[in-house]
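The structure appears right after this line, and notes come after that.
Every number here is computed from the coordinates shown, using simple stated rules; none is lab data. As the structure is a prediction and not an experimental result, all values here were calculated from the model. Backbone-built Cβ (ideal geometry, glycine too); neighbour counts: all protein chains shown.
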Amino acid sequence: METNTLKILWYFVFLLTRMMKDETSVILDSLGFHKGLLVETIVSTIDENGKPNAAPMGVWRGEDNILVLKIYRDTRTYRNIKVRRKFVINLTFNVELFYKTLFKVEGLEELFDYSRKMVVPPLKGVDCYIEAEMIKEEKVGERSTLYAQITNITIIRKRPNVFSRCLFLTIESLIHFTRIRAFLNEGKIEEARKLSELISHYYEIIRRNCRGGPYINILNDLINRIDEWGRDWRNRTS
Ligand SMILES: Cc1cc2nc3c(=O)[nH]c(=O)nc-3n(C[C@H](O)[C@H](O)[C@H](O)COP(=O)(O)O)c2cc1C
């Protein structure tokens, strides 16, 4: 092929890639997934045998629409992404899905939407899912920073949402809960105590304002689990 033809071809590919990137930027912006914003999501993965898993994970949008995850290496999600590279990021306001995928409550299998015939199934009832593929890993302490490129975005529902402070208090409580577990394992009792006090504080707000919805049941369960840990820990150290 002539050099000029090659140059034109290269320029055409360059333009096409730019256009695709721009389209992705427009979609992400329209979802409110802005650059430099940590978004709470649920990540679906499959293991080497094809068994699906899902867990809440924070995702950042970096430069050029590269998505960034900071994941503890002792999680199933990390292991599955390392094996398969491909994964799905589910976007939802449904706090019960965060709760169920965190604790792998009975019927986790039931939460996946197999009707979409995807290798890594998204979750049922989510507003949007983003298919992604890991391209780079950086290890930092016990966590790894994973960089992933977007291969597809499917928007299922753009909808108005009612706004309740209890949604955020519940998500915050779930995150604190996973940190308390880590602190107790490391023997950092004071840090664990501070976070469990914050959860008790959020519980009081939820009890007063949000008896409707799933919030109070989730908080009751978290408080029971923390009490159990406290008892275990006291037994071990007495
Ligand atoms: C809202 C929310 C966000 C979370 N974000 C992260 C995260 O960014 N990285 C991480 O390693 N764990 C995160 N976690 C904790 C994991 O979900 C938790 O460790 C889970 O048990 C991992 O499950 P897996 O072993 O099935 O992957 C988050 C938890 C919640 C509730």
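Summary table
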{"quantity": "Every residue from segment 65-86 that is of a type in the set (A, V, I, L, M, F, W, C), assigned to a strand (DSSP E or B) and within 11 Å of the ligand (Cβ to nearest atom)", "calculated": "Val68, Leu69, Ile71"}
{"quantity": "Test: residue in segment 124-139 that is farther than 18 Å from Asn90 by Cα and either touching a helix residue (DSSP H, G or I) at 6+ places or on another chain (Cβ under 9 Å) or of a type in the set (S, T, N, Q) (or both)", "calculated": "yes"}
{"quantity": "Failed criterion for Asn53 (all others in (1) surrounded by 12 or more Cβ atoms within 10 Å (Cβ to Cβ); (2) farther than 15 Å from Pro121 by Cα hold)", "calculated": "(2)"}
{"quantity": "Qualifying residue in segment 10-17 (condition: under 16 Å from the mean Cα position of the chain (by Cα) and either surrounded by 13 or more Cβ atoms within 10 Å (Cβ to Cβ) or of a type in the set (S, T, N, Q) (or both))", "calculated": "no"}
{"quantity": "Search result, residues across segment 48-64 that are within 10 Å of the ligand (Cβ to nearest atom) and either out of contact with any Phe, Trp or Tyr (no Cβ under 7 Å at 6 or more places or on another chain) or in a loop (DSSP other than H, G, I, E, B) (or both)", "calculated": "Asn53, Ala54, Ala55, Met57, Gly58, Val59, Trp60"}
{"quantity": "Any hit, segment 22-34, residues being within 16 Å of the chain's Cα centre (by Cα), of a type in the set (Phe, Trp, Tyr) and more than 12 Å from the ligand (Cβ to nearest atom)", "calculated": "yes"}
{"quantity": "The listed residue being within 14 Å of the ligand (Cβ to nearest atom) and over 19 Å from Lys104 (Cβ atoms), out of Phe183, Phe163, Phe177", "calculated": "Phe183"}
{"quantity": "Qualifying position, being under 13 Å from the mean Cα position of the chain (by Cα), more than 13 Å from the ligand (Cβ to nearest atom), assigned to a strand (DSSP E or B) and surrounded by 13 or more Cβ atoms within 10 Å (Cβ to Cβ), among Tyr147, Tyr129", "calculated": "Tyr129"}
